[in-house]
1. Name the longest site-free stretch of the chain, where the excluded sites are trypsin sites (Lys or Arg not before Pro) in a DSSP loop with no more than 10 other beta-carbon atoms within 10 Å.
2. Compute the distance in nm between two label points, each set 7 Å from the Cα along the Cα-to-Cβ direction, one at Ser154 and one at Leu268.
3. At 222 nm, what value in deg cm²/dmol follows for the chain if DSSP H runs of at least 4 each add -39500 (n - 2.57) and the sum is divided by all its residues, to the nearest 500?
4. Taking 0.36 nm per residue of separation and subtracting the Cα-Cα distance, what length does fully extending Ala249 through Arg103 add?
5. Please list the non-local residues whose amide H lies under 5 Å from the amide H of Thr93, H modeled 1.01 Å from N, same-chain partners needing a gap of 5 or more.
6. What nm distance separates the two modelled labels at Thr261 and Ala192, each placed 7 Å from Cα along Cα→Cβ?
7. At a Cα cut-off below 20 Å, give the lysines reachable from Lys263, other chains included and same-chain residues fewer than 8 away excluded.
8. Which one is right for this structure if Cα extents along the principal axes in Å is calculated from it: [x] 61, 43, 33; [y] 48, 46, 36; [z] 59, 48, 30?
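Just so you know, all these numbers are worked out from the coordinates, no wet-lab data involved. Computed from a predicted model, the values in this text were never measured in an experiment. A quick note on method: Cβ atoms are made from the backbone with ideal geometry, for glycine too, and the neighbour counts reach across all protein chains shown.
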Amino acid sequence: MRQRALTPAQPVSPPGPHNSGHEPPRGTWAITFACEYPRQSDISAHVHGSDQLIYATRGVMEVSSGQNLWMIPPYFGLWVPARTVHQIRMPETVSMRTIYLRRGLAGLPSACRVLHVRPLLRELIIEIVNRGELRARDGVHQALCKLLIAELTSASSVATTVLLPKDPRAMAIARQLVSCPGLRVALSTLCASAGVGVRTLERLFRKDTGLDFESWRRQLRLMRAAQMLVGGCTVKEVSSAVGYRGPSAFVQAFRSVYGTTPKSWVSLLNRSTL
């Protein structure tokens with residue numbers, strides 16, 4: 001399936017009205033932030049002068065930048081380069097644990113990317129967040145920082161993102177499906193609820209995302225499926241949850257995008273981070 005390339009990050013030059021103060025001071029490699037967010041919490045569009053690793057020990061975060069949308073469960077983390085405008089929504093209760101690294105220190109690509117968080121990286125994030133900062137002249141902090149960078153650079157990148165349409169009518173339908181990727185509702189019914197014709201909606205999706213509506217919905221379902229598979233759900237559980245009538249139809253759709261079966265994909269993902 002052909003997909004439009006991700007929209008580029010939105011660089012801005014601080015200071016600005018949405019800038020955050022989360023930036024390591026002189027002599028510090030990293031600072032951290034921890035917060036318990038109730039369901040339906042929103043963090044409006046903002047930007048940091050530092051690179052950021054967004055992670056949650058509990059709950060799923062919806063992070064968006066430009067037209068790009070990522071859904072981040074506890075076994076994924078999102079790398080957000082410095083000066084990238086982004087916003088975060090919590091559909092459910094979220095325990096956020098995030099690390100702000102001095103810009104360029106990790107040497108990762110200057111684009112947002114979803115990382116597979118293995119147990120060691122998870123415990124490392126929690127330990128660093130509990131310490132609050134990593135100081136350059138502290139031996140233990142130096143060791144933790146080097147290990148963090150090693151884990152980040154070796155972590156598998158997971159292709160789980162969708163582009164959101166710009167038109168408000170198409171966006172309303174997209175948001176409805178993001179909230180419930182397994183929703184089995186005909187396109188005509190969705191269009192009626194948004195007050196838009198089927199042909200118009202198809203045109204809007206192709207214009208804004210580069211995909212026809214059904215291809216976009218399949219991409220969304222497979223993004224959610226990848227999260228559930230990494231979380232340990234069975235193929236049968238996943239196929240039902242994301243709206244397929246049976247495991248065979250799901251496996252066929254998954255193979256058409258990822259080039260392999262769900263079980264093989266999870267196995268490859270785990271082996272690549274050993």
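1. On the way: sites that count: Arg2, Arg26, Arg39, Arg137, Arg184, Arg245.
The reported range is 40-136.
2. Roughly 2.1 nm, to one decimal.
3. The per-residue figure over the chain is -12500 deg cm²/dmol.
4. Working: separation 146, 0.36 × 146 = 52.56 nm, distance 4.42 nm.
Working it through step by step, the gained length comes to 48.1 nm.
5. Long-range HN contacts for Thr93: Arg39.
6. About 4.1 nm separates the two model spin labels.
7. Those lysines meeting the cut-off are Lys236.
8. Read-out taken from this structure: [x].
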